[in-house]
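Inspection log for the structure reproduced underneath, given as structure tokens.
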Amino acid sequence: MTAVTPEHEVGNLSLNGSKGDAPKANGAAGKNGTAGDSLDPGSDDDDEADDGDEPQNGQQDGGAAKKKKKRKPRKKKKAGAVGPSGGGAKGQSAPPRVLVSRLFPDDSYPVGEEVDYKNDNAFRTTSEEKKALDRVNSDFLTEYRQAAEVHRQVRKYAQKTIKPGMSLTEIAELIEDGTRHLTGHMGLEEGDNIFGGVAFPTGLSLNHCAAHYTPNAGNKVTLQQSDVMKVDFGVHVNGRIVDSAFTMSFEPQYDNLLAAVKDATNAGIRSAGIDARLGEIGADIQEAMESYECTINGQTHPIKAIRNLNGHTISQYSIHGGSAGKSVPIVKNSPAASTNEKMEEGEVYAIETFGSTGKGLVRDDMETSHYAKIDNAPKTALRVASAKNLLRGIDKNFGTLPFCRRYLDRLGHEKYLLGLNHLVQAGIVQDYPPLVDVKGSYTAQFEHTILLRPNVKEVISRGDDY
């Protein structure tokens, strides 16, 4: 879920993603996932012999047995590889309905892409002190890796299934139902969504709309062959939020737009790390993205980084890191880059980039669907009865996790718009309208969640797809 450049300066406080406790989520025991090299989940320890290991009837030459073939050594997968399925586990159904915790009964979820620190932080890779600090975070890592594996398996199915002609409501429910089933939290019982499941509304933003669009009830919009759709969804286990996004298109004329943004996101991930300056990361992202251009309907467009959209820190139950959150700019001269802030050990970041064929600047437009209760919101006397009832429901079912109007409908809330607007006006709930560039332009997004562990950087949401 996207962070917009604020008018005021970004907060200077650091945020440690490993702090904070909450009730354990189902299937998230305190065992650490396998770090480093790992075998395919479900693979046996013993290799099968190659054909020809035994003499075959009728294949002897002068009474001599056929020479055995040399046994090939089994290859280990690099850290972060999640298997040829892209979901990292065998036995998932279609649509995905099998609990991920059942596919990994010992909680050894696939490790994300691990990247050693460099230069002044190279010592961290071999430091026994830093390794010991990392081991202390075993529950934190297990929960994050479980959420990341759910994200990979759900998006694998979504990428195969989503086709032009489907309604946006159908697509959103496909993703959200998969997330709920795989985490084991359907979110219908009071408080269940706090333990795990959907971390924020599924963003399905089309063409010039860059972010924060999900269908409200009654939405009739369908996906078209000529559309460029950003798919931004989150999974959480015990408030550990995996925020990752990709872009889908169905015509090759958009390929360069998608390639530019994917390249820019990877440039940001490469530059990110402990002590990395946020402004320098923005410069690297912009340089990568704006080296591309694309030709759409016969017209060539330079690809521009959307300068008022940013990556962001993530903390437990807070998608934008709360009041102490930091923003990761995607251009070098962004206000978010002016504070000279650095990334710090223990922080969790969403590295997301947006490219556009338009102005490279977004504004609020269209009907709002995304909302979230503000952390440490002021206690205000509410005079509207529906606002009081709605706030109780938000506290019990979402806390500070973002939600949308469809989620309130699903929980049985009725005639709540007056109360919801009252909560927004009272400064208790924040609304997040859709963000759009100029009409006729096309935008794309790619995003990953990274953990700045004491001894290694882990791109927790990395998969075979992006």
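The values are calculated or read from the model by the stated rules, or taken from the named source; none is laboratory data. All of these numbers come straight from a predicted model, not from anything done at the bench. Because the Cβ atoms are built from the backbone with ideal geometry, glycine has one as well, and the counts that use them run over all protein chains shown. Heads up: the accessible areas ignore ligands, DNA and RNA and are worked out on the full protein's heavy atoms, side chains in. Shrake-Rupley method; radii C 1.70, N 1.55, O 1.52, S 1.80 Å.
Structure notes:
- Local electrostatic count, Q253, Cβ distance below 14 Å [Lys/Arg +1, Asp/Glu -1]: -4
- You can think of it this way: the chain between K163 and M366 has 70.6 nm of extra reach, that is 0.36 nm per residue less the Cα-Cα gap.
- Residues whose amide H comes within less than 5 Å of that of G187, counting only those at least five positions distant or on another chain, are N193 (H built at 1.01 Å from N in the peptide plane).
- Sequence-distant contacts, meaning Cα pairs under 8 Å at least 6 residues apart, place the relative contact order of the range 369-432 at 60 percent.
- Accessible area per residue in Å² at 1.4 Å probe, computed on the range 382-452: 40 Å²
- Of the chymotrypsin sites (Phe, Trp or Tyr not before Pro) found in the range 326-405, no site is in coil according to DSSP while having at most 11 other Cβ atoms within 10 Å of its Cβ.
- Amide H to amide H, with H built 1.01 Å from N, N308 comes under 5 Å of V362, counting only residues 5 or more places away or on other chains.
- Amide H contacts of G234 (H built 1.01 Å from N, under 5 Å, at least 5 apart or other chain): A199, F200
- Couplings 3J(HN,Hα) for the range 385-397, derived from phi with the Karplus relation 6.51 cos²θ - 1.76 cosθ + 1.60 (θ = phi - 60°), are 4, 5, 5, 5, 5, 5, 4, 4, x, 5, 4, 6, 10 Hz, where x marks Gly and Pro.
- Fraction of the pair-distance distribution of the range 117-218 above 19 Å, Cα-Cα pairs, percent: 59 percent
- Our Cα-only numbers for the range 387-466 put the radius of gyration and Dmax at 18.2, 51 Å.
- For the range 369-432, the share of accessible area belonging to carbon and sulfur comes to 49 percent (1.4 Å probe, ligands and nucleic acids excluded).
- Loop-resident GluC sites (Glu not before Pro) (DSSP state other than H, G, I, E or B) in the range 367-466 with no more than 15 further Cβ atoms inside 10 Å of their Cβ: E367, E414.
- Accessible area of D106 in the full protein assembly, 1.4 Å probe (Å², nearest 10): 80 Å²
- Whole-Hz couplings from phi, Karplus 6.51/-1.76/1.60, listed for the range 455-466; x for Gly and Pro: 10, 6, 8, 10, 7, 5, 9, 4, x, 6, 7, 7
- Rg/Rh for the range 227-350, where both radii come from Cα atoms and Rh is the Kirkwood radius: 1.00
- The share of accessible area on the range 287-366 that comes from carbon and sulfur is 43 percent, using a 1.4 angstrom probe.
- When Rg and Dmax are taken over the Cα atoms of the range 369-432, they come to 10.4, 28 Å.
- Cross-link table K304/K373; K262/K326; K163/K230; K156/K230; K342/K373, entries beyond 25 Å C-alpha to C-alpha: K304/K373; K342/K373
- The loop-placed GluC sites (Glu not before Pro) in the range 154-240, going by DSSP, that have at most 16 neighbouring Cβ atoms within 10 Å of their Cβ come out as E189, E190.
- When the charge dipole of the range 369-432 is built from unit charges on Cβ atoms (+1 for Lys and Arg, -1 for Asp and Glu) and taken about the Cα centre, the candidate among L382, G399, V429 whose Cα reaches farthest toward its positive end is L382.
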